[in-house]
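Participant: Quick one: the structure is below, questions incoming.
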Amino acid sequence: MRSHLLNDTTAERYRRTVTEGVERVAAHLAATERPFTGIAVDALAPRIDRIDLDRPLHDTAAVLDELEEVYLRDAVHFHHPRYLAHLNCPVVIPAVLGEAVLTAINSSLDTWDQSAGGTLIERKLIDWTAARIGLGPAADGVFTSGGTQSNLQALLLAREEAKTDDLASLRVFASEVSHFSVQKSAKLLGLGPDAVVTLPVDHDKRLHTVALARELERCRRDGLVPMAVVATAGTTDFGSIDPLPEIADLCARYGTWMHVDAAYGCGLLASLKYRDRIDGIEHADSVTVDYHKSFFQPVSSSAVLVRDAATLRHATYHAEYLNPRRTVHERIPNQVDKSLQTTRRFDALKLWMTLRVMGADGIGQLFDEVCDLAAQGWELLAADPRFDVVVAPSLSTLVFRYVPAAVTDPAGIDRANLHARKALFASGDAVVAGTKVGGRHYLKFTLLNPETTTGDIAAVLDLIAGHAEQYLGESLDRAS
Ligand SMILES: *Cc1c(COP(=O)(O)O)cnc(C)c1O
C-alpha cells in the first residue's frame, strides 16, 4: 500500500496516474455535447448505491471507468456555452494547473511552518487585491472557502468593532436582495432575530439609500447600535450594484462599518471597461471577493479584505501547539491568526498562476465579454414580445419570464415558466436558473462563459418558449 503514498520513490507513479486521469478528463471534455445529460436522481442513485466501498478495485483504470458511470458522464458542465444557470464560471487552465500543484504539495496555509512560500504568495495576492480595491496602506485580509465565510468573518469583525456586549441592540442593514449568508451570519454571531434590517430596492434592484438613511436614523433614535451596512456589489439574482458612494457617506455619518459583498462584482476589479461601476468600493471597511465566481477560478477561491489590518485581531487565537503568542514578536507570518479556518488550502496559488500566465487584463477582458454579452441578451429580450425582462444588466445576469399574450392568469404563467425550466434541465439542452420577483416565478441567465454567443441565448429562449407553449397547450387540453 505504500506505493500509493506520494513521495520521492513514487514520483513516476504519480506522473502516470495523474496523467491517466487528465487524459480521461480531456477526452471527456472534448466529447461533451450538452451541459447536462438530463439524468434524474432516481436513475443515477442506484449506480452509486451499487458500489461497495469495502471492495476496492485496486486498479486506477478500472476506477476511472467506474467514475465515468457514477460521475463524469452525467456531471453538470459549467464550461458548456449553454450552461447559463448559477454563478459558476468556466475555469482557466493556469488555475487548474495551480490546483494540481497545490494538492500535490499539500501546503497548509495556517502557519509559516506548514507552508513557507505559500504564505508569502497568499499575502502578496491579498495586497494586490486590496490595492485594486483601493483600501489604502493599512489593508489586509485572508483567503477563505467562499463568500459565505468571507461575509461571516467581515460581520464578526464589525460586531467586535461595535464594542458592545448587548448583542440584542445590534443592527445590520442590507437590501432585500442581499445574499442570505448575511442572515445566516447574524444568527451564527448571536445577534437577535430582528438584527438584520432588510431594506427595499429601487427599480434597478439597488439598495434604496433614502430608506437606509431613514432606518439608520431610527436605529439611533431607538438607542440601538448600527453595527454594519452590507452593500452588495453584484447581487446574486440581478447583478445589481448598490450605490456605494452614497452608502459610504451614510456609514461615515453614523459611524457604521461598511461591508461590501462583491462576491460577484469583484470581476470588475480587473475590468478594462467597467471598473467605474464599483467606484466607492474603496470606502469599505471590509470586502468579500469570490475569485471562483468572476475571476474564472475553480472552487474554492475567495477572500475577505479589510481596510485596517488591526481589525483582523478579532479572529486571532493563540494556541501553544500552533501559533504561540511569541511568534508574533518573532515576526513569523502565521495566517491562522487572521482566519476562521485552521488547516487551510493554498487556493491562492490558482490565482497566482492565472495572473502570472494571463495577467489581470486577461481576466478582465473575459469578464468584460460576458458583461457585453448580457447587454446584447437584454436587447434581445427587451425586443421579444414573448418575454418580460426585469432589469438592464450591471454585470452579466438576465432575469426574465415567458409571458404569452393569450394567457392572463398569473398562476398559469408561473407554472409555464417553472415547467420550462424543469423540462429544459431534463432535456439537457441548456441549464437555466430561476428566482422569484414580486412573488412571481422568473427565469435567470447568469452569463459567465465568454464562449456563449447571442445565438446561444436566442436558441435557449426559443427552447424555453417551446417548452412553455407545449405545457400551456397540454394544460388547456386537460381543462377541456
Ligand atoms: C455567491 C454569493 C455569496 C456566497 O458565496 P459562496 O462562495 O457561494 O459561499 C455571497 N454573496 C453574494 C452576493 C453571492 O453572489
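Participant: Just to be sure I understand, how many residues within the range 172-189 are open to solvent by 40 Å² or more (accessible area, probe 1.4 Å) and away from the ligand (no atom under 15 Å from the Cβ)?
Facilitator: The number of residues fulfilling the criteria is 1.
Participant: Could you check the range 117-166 and list, in sequence order, the residues that are more than 16 Å from the ligand (Cβ to nearest atom), over 14 Å from ASP308 (Cα atoms) and buried (at least 16 other Cβ atoms within 10 Å of the Cβ)?
Facilitator: Matches in the range 117-166: GLY118, THR119, ILE121, GLU122, ARG123, LEU125, ARG132, ARG159, ALA162.
Every residue, every condition in (1) out of contact with any Lys or Arg (no Cβ under 6 Å at 6 or more places or on another chain); (2) touching a residue at least 24 places away in the same chain (Cβ under 8 Å); (3) closer than 26 Å to LEU212 by Cβ; (4) of a type in the set (A, V, I, L, M), yes or no:
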{"residue": "ALA270", "(1), (2), (3), (4)": "yes, yes, no, yes"}
{"residue": "ILE278", "(1), (2), (3), (4)": "yes, yes, yes, yes"}
{"residue": "TYR291", "(1), (2), (3), (4)": "yes, yes, no, no"}
{"residue": "PHE296", "(1), (2), (3), (4)": "yes, yes, no, no"}
{"residue": "GLU320", "(1), (2), (3), (4)": "yes, no, no, no"}
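Participant: Now, a different point. Find all pairs meeting these conditions: Cβ atoms under 6 angstrom apart; at least six residues apart or on different chains; first residue within the range 362-385 and open to solvent by 80 Å² or more (accessible area, probe 1.4 Å); second residue part of a helix (DSSP H, G or I).
Facilitator: If the second residue must be part of a helix (DSSP H, G or I), the pairs left are GLN376/THR454.
Participant: Taking the criterion of being open to solvent by 60 Å² or more (accessible area, probe 1.4 Å) and either among the polar types (S, T, N, Q) or closer than 19 Å to VAL431 by Cβ (or both), would at least one residue in the range 17-32 satisfy it?
Facilitator: Yes; the residues of the range 17-32 include at least one that is open to solvent by 60 Å² or more (accessible area, probe 1.4 Å) and either among the polar types (S, T, N, Q) or closer than 19 Å to VAL431 by Cβ (or both).
Participant: Also: Under the condition of being more than 14 Å from the ligand (Cβ to nearest atom) and open to solvent by less than 20 Å² (accessible area, probe 1.4 Å), which residue from the range 292-311 is farthest from MET353 (Cα to Cα)?
Facilitator: Residue satisfying both the conditions and the ranking: THR311.
Participant: Please go through the range 237-285 and pick out each residue that is within 16 Å of the ligand (Cβ to nearest atom), part of a loop (DSSP other than H, G, I, E, B) and charged (D, E, K, R).
Facilitator: Scanning the range 237-285 gives ASP237, ASP242.
Participant: Now for a separate question. Scanning the range 326-343 for residues that are more than 16 Å from the ligand (Cβ to nearest atom), part of a loop (DSSP other than H, G, I, E, B) and of a type outside the set (A, V, I, L, M, F, W, C), which turns out most open to solvent (accessible area, probe 1.4 Å)?
Facilitator: ARG331
Participant: Here's another thing I want to ask about it. With the condition kept exactly as written, say whether any residue in the range 312-325 is in contact with a helix residue (DSSP H, G or I) (Cβ under 6 Å, 6 or more places away or on another chain), under 22 Å from SER107 (Cβ atoms), open to solvent by less than 30 Å² (accessible area, probe 1.4 Å) and of a type outside the set (Gly, Ala, Ser).
Facilitator: yes
Participant: While we're here: State which residue is nearest to ASN323 (Cα to Cα) when the search covers only the range 106-116 and only residues that are surrounded by fewer than 20 Cβ atoms within 10 Å (Cβ to Cβ) and under 26 Å from the mean Cα position of the chain (by Cα).
Facilitator: In this case the residue turns out to be SER108.
Participant: Determine if the range 207-220 includes at least one residue that is within 16 Å of the ligand (Cβ to nearest atom) and at pLDDT 95 or above.
Facilitator: yes
Participant: If you take the residues of the range 221-235 that are surrounded by fewer than 24 Cβ atoms within 10 Å (Cβ to Cβ) and in a loop (DSSP other than H, G, I, E, B), which of them is farthest from the ligand (Cβ to nearest atom)?
Facilitator: Among those residues, the one meeting the criterion is GLY223.
The values are calculated or read from the model by the stated rules, or taken from the named source; none is laboratory data. Computed from a prediction, not measured in an experiment: that's the story for all the values here. Positions of Cβ are backbone-derived with ideal geometry, glycine not excepted, and every protein chain shown enters the neighbour counts. For the accessible areas, the whole protein counts, side chains as well, though only heavy atoms, and no ligand, DNA or RNA atoms are used. Shrake-Rupley method; radii C 1.70, N 1.55, O 1.52, S 1.80 Å.
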